[in-house]
1. Take ALA43 and decide whether it is surrounded by 13 or more Cβ atoms within 10 Å (Cβ to Cβ), touching a strand residue (DSSP E or B) at 6+ places or on another chain (Cβ under 9 Å), free of Cβ contacts under 8 Å to residues at least 60 places away in the same chain and farther than 22 Å from LYS74 by Cα.
2. For segment 83-107, which residues satisfy the criterion of being surrounded by 12 or more Cβ atoms within 10 Å (Cβ to Cβ) and more than 30 Å from ALA127 (Cα to Cα)?
3. If I ask for residues that are touching a helix residue (DSSP H, G or I) at 6+ places or on another chain (Cβ under 7 Å) and either at pLDDT below 95 or of a type outside the set (Ser, Thr, Tyr) (or both), which ones from segment 47-70 would you list?
4. Residues in segment 66-115 that are outside any helix (DSSP H, G or I), polar (S, T, N, Q) and more than 19 Å from LEU29 (Cα to Cα): how many?
5. Quick one: is ALA123 hydrophobic (A, V, I, L, M, F, W, C), more than 24 Å from THR39 (Cβ to Cβ) and exposed (fewer than 15 other Cβ atoms within 10 Å of the Cβ)?
6. Residues of segment 25-40 being in contact (Cβ under 8 Å) with a residue 40 or more places away in the chain and either polar (S, T, N, Q) or surrounded by fewer than 21 Cβ atoms within 10 Å (Cβ to Cβ) (or both), which ones?
7. Out of everything in segment 101-128 that is without any contact (Cβ under 8 Å) to a residue 60 or more places away in the chain and closer than 20 Å to GLY66 by Cα, what residue ends up being farthest from the chain's Cα centre (by Cα)?
8. Do we have any residue at all in segment 80-99 that's over 13 Å from the mean Cα position of the chain (by Cα), in contact (Cβ under 8 Å) with a residue 60 or more places away in the chain and more than 17 Å from PHE6 (Cβ to Cβ)?
Amino acid sequence: MPRKSFTAAGATAVGPYSHAVDAGDLVYLSGQTPLDSATGKLAEGDIAAQTEQCFKNLFAVLAAAGLSEADVVKANVFLTDMGNFAAMNQVYATKFSAPYPARSTVAVAGLPLGAQVEIELIARRPAK
């Protein structure tokens with residue numbers, strides 16, 4: 001069966017991967033770094049600004065798949081410095097409402113293009 005993928009205007013892939021792949025009831029979104037598609041560069045500013053850009057990119061991908069943040073069931077957050085956890089979490093808290101998606105946050109040695117944060121999501125299609 002051919003893979004069904006989604007590509008979003010406003011999100012940029014920096015490698016050979018799809019922005020999102022449909023898996024029936026679930027849609028898996030690739031990790032988004034804070035790349036600004038208008039400039040082709042990382043969002044300027046601190047971890048809060050980079051986290052905002054990640055979500056801007058992710059929500060564009062969700063929209064391309066016909067979904068919204070309300071459909072997100074799991075998030076994985078990758079930080080290059082756990083000292084940025086509180087600031088990232090403050091932005092993150094504004095992107096969803098209770099009950100919040102499940103989430104993991106891990107520290108990594110590095111991210112593409114020198115990003116400080118990368119976020120990936122799993123969303124579930126609403127029952128018909």
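The values are calculated or read from the model by the stated rules, or taken from the named source; none is laboratory data. The shown structure was predicted, so the numbers you read here are calculated from the model rather than taken from an experiment. Positions of Cβ are backbone-derived with ideal geometry, glycine not excepted, and every protein chain shown enters the neighbour counts.
1. Taking the combined requirement at face value, the residue satisfies it.
2. Hits for segment 83-107 are ASN84, PHE85, ALA87, MET88, GLN90, ALA107.
3. Here is the first cut: in segment 47-70, the ones touching a helix residue (DSSP H, G or I) at 6+ places or on another chain (Cβ under 7 Å) are 47-48, 51-52, 59, 62, 68-69.
Of everything in segment 47-70, those that are touching a helix residue (DSSP H, G or I) at 6+ places or on another chain (Cβ under 7 Å) and either at pLDDT below 95 or of a type outside the set (Ser, Thr, Tyr) (or both) turn out to be ILE47, ALA48, GLU52, PHE59, LEU62, GLU69.
4. Number of matching residues: 3.
5. The answer is no for ALA123.
6. Answer for segment 25-40, where residues must be in contact (Cβ under 8 Å) with a residue 40 or more places away in the chain and either polar (S, T, N, Q) or surrounded by fewer than 21 Cβ atoms within 10 Å (Cβ to Cβ) (or both): ASP25, LEU26, TYR28, SER30, GLY31, GLN32, THR33.
7. That would be LYS128.
8. Taking every residue of segment 80-99 in turn, none turns out to be over 13 Å from the mean Cα position of the chain (by Cα), in contact (Cβ under 8 Å) with a residue 60 or more places away in the chain and more than 17 Å from PHE6 (Cβ to Cβ).
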